[in-house]
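The values are calculated or read from the model by the stated rules, or taken from the named source; none is laboratory data. Here the structure is a predicted model, which means the values were calculated and not measured. So basically every Cβ, Gly included, is an ideal-geometry build from the backbone, and we count neighbours across all protein chains shown. Accessible surface areas use protein heavy atoms only, side chains included; no ligands, DNA or RNA. Shrake-Rupley method; radii C 1.70, N 1.55, O 1.52, S 1.80 Å.
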Amino acid sequence: MSNRMWGGRFAEGPDAIMEEINASIDFDRKLYRQDIAGSKAHVSMLASQGIVSAEDAEKIAQGLDTILSEIEGGTFTFSRALEDIHMNIEARLAELIGPTAGRLHTGRSRNDQVATDFRLWVRDSLDDLEAQVTDLMQALSEKAEEHAAVVMPGFTHLQSAQPVTFGHHLMAYVEMFSRDRSRLQDARVRMNESPLGCAALAGTSFPIDREMTAAALGFDRPTANSLDGVSDRDFAIEALADASICAMHLSRLAEEIVIWCSAQFGFIKLSDKFSTGSSIMPQKKNPDAAELIRAKTGRIYGALNSLLVMMKGLPLTYSKDMQEDKEQAFDALPNLSLALAAMTGMMRDLEPNVKTLKKAAGSGYSTATDLADWCVRVVGMPFRDAHHVTGALVKIAVDKGVELHRLTLEEMQSVEPKITDDIYSVLSVDKSVRSRVSYGGTSPVNVRKQSRRWLKQLEREQKTEK
């Protein structure tokens, strides 16, 4: 039996294998809200333009509301033979209101219908992700302000480099996530155009009002070219690209959490809420949430790459290949959402081990640069000469197996006679971080300014949204 939604062109139904490869209802049922919203906007416009009667439009709208209730109530029966969410809803509408249901599809195609539905779903996802990134930024800023003066080692090459503060380290991620948030906002602006009314590819001969349907669905405007309108998936690609960058930032922070809570580092205490135990080793407390965030990044990258590869060879306009766009986004964006939620929870619960961090901050000759800077400021050396003097002193300390501040004044003067006992004033990690007052530097004063600036900005935004 042929699929009656295809009309009279087909005398036979599809082969079972064709039905299996062609059906998308198993995943695109997720678009039911967007599909019903788009259909209600479309039929309202058709009535306004006199293309369908007000009475028919009302019957269709009521039928769509019934279907929405059925789906949300779990009583709707999805059919794989009807391929997708659009045809499932239209078939059920016909059962509810009869032949009038056939008027709903006037002036549109499944091509512009699915493009509209998918845009609406991605737009909703971007809004949710932006709110979650904002929440994470707030959690990081609050934790940074609380621990603005807690000293820890700063690393390059994962080797101890210079002392920084725990708050400063966290605020680095606030800056990263602020860029992620900005990208999500930019992507939303670019994608907020309605394809509805582009029909199959060439537009329609019916006197439709695309501005009306665009406004009804919260779009800024209709798409300007019908060919592009039905075939564009840039909005999904850009969303996945932004998600990939955000996931990369989450993964970097997750990696640090994994390192920091290890017995070898012991920099932080991770909450039991975001840890698991071992089936055989009773002493274990594993940072599984952080590890899973790190792993999910690969899934999100894969979704972006899959969609790019799928689109790269498609001529205008719509091809069935585009059915493969949704599963990628349906997997990647919710997984990013889950990762953001887990990271925000971890950030709010974790606590730094202050003594361990301070001890580690002073290891590895981390104040060597402060010694060199002192030689420049006080002795008047060119920096390259000061660098050479400091390197020689570090070698002496390494050979003796002591830290720089444990060298005697005589040992230091054996390398540079002009060094005085004032040198010891810059060799403590606390004084080192307090001295880094340049804009963007690690001094506790700077960290508090930056964390408070962000907290005030986020608070203002919340008040504006209300």
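Take the solvent-accessible surface of the protein heavy atoms, probe 1.4 Å, and return the percent of it on the chain that carbon and sulfur atoms account for.
Reported share for carbon and sulfur atoms: 53 percent.
For the chain, what does the accessible surface come to per residue with a 1.4 Å probe? Please give it in Å².
Solvent-accessible surface per residue comes out at 48 Å².
I need the GluC sites (Glu not before Pro) found in the stretch 116-216, filtered to DSSP loop residues with at most 10 other beta carbons within 10 Å of theirs.
The qualifying sites: there are none.
Stokes-Einstein diffusion coefficient for the chain at 20 °C in a medium of 1.002 mPa s, Rh from the Kirkwood formula over Cα pairs: what value in µm²/s?
Once the numbers are plugged in, D ends up at 81 µm²/s.
Find the percent of Cα-Cα distances in the stretch 303-394 that exceed 19 Å, and round it to a whole number.
That fraction is 69 percent.
Relative contact order of the chain: what whole-number percent is it, with Cα pairs under 8 angstrom and at least 6 residues apart?
17 percent
Sum -39500 (n - 2.57) across every DSSP H segment of at least 4 residues in the chain, then divide by the residue count to get the 222 nm mean residue ellipticity, nearest 500.
-20000 deg cm²/dmol
Out of the stretch 298-339, which trypsin sites (Lys or Arg not before Pro) are coil in DSSP terms and have no more than 10 other C-beta atoms within 10 Å?
Those that pass, being in a loop and sparsely packed, are Lys312.
If only Cα atoms are counted, what is the Rg of the stretch 99-145, and what is its Dmax, in Å?
Cα radius of gyration and Dmax of the stretch 99-145 are 19.7, 65 Å respectively.
Please go through the stretch 386-466 and write out the chymotrypsin sites (Phe, Trp or Tyr not before Pro) that DSSP classes as loop and that have at most 14 other C-beta atoms within 10 Å.
Tyr439
Note the direction-averaged projected area, equal to a quarter of the hull surface, for the Cα convex hull of the stretch 404-466, in nm².
Mean orientational projected area (the stretch 404-466, Cα hull): 5.5 nm².
With bins 10 Å wide starting at 0, give me the P(r) of the stretch 120-208 over every alpha carbon pair, in whole percents.
In order of increasing distance, the bins hold 15, 27, 22, 16, 9, 7, 4 percent.
Report the gain in length on full extension from Ser178 to Ser69: 0.36 nm times residue separation, minus Cα-Cα distance, nm rounded to one decimal.
Going from the current span to full extension adds 35.4 nm.
In Å and whole numbers, how far do the C-alpha atoms of the stretch 347-393 stretch along each principal axis, longest first?
Principal extents (Cα only, largest first): 47, 19, 14 Å.
With 26 Å as the cut-off, how large is the P(r) tail for the stretch 110-360, expressed as percent of Cα-Cα pairs?
49 percent
Could you work out the Rg to Rh ratio of the stretch 237-357, with Rh taken as the Kirkwood radius (inverse of the mean 1/r over all Cα pairs)? Don't jump to the answer; show the numbers that get you there.
Working: Rg = 18.3 Å, Rh = 16.1 Å.
Rounded to two decimals, Rg/Rh equals 1.14.
Calculate the tail of P(r) for the stretch 16-103: the fraction of all Cα-Cα distances greater than 15 Å, expressed in %.
Tail of P(r) above 15 Å: 58 percent of Cα pairs.
In terms of the Cα gyration tensor, with a ≥ b ≥ c the square roots of its eigenvalues, is the stretch 355-436 rounded because a/c is under 1.5, prolate because a/b exceeds b/c, or oblate?
Verdict is oblate for the stretch 355-436.
State the Cα centre-to-centre distance between the stretch 88-105 and the stretch 437-466 in whole Å.
Each part's Cα centre sits 55 Å from the other's.
How far is it, in nm, from the label point at Ala202 to the one at Ala392 when both lie 7 Å from their Cα along the line to the Cβ?
8.6 nm
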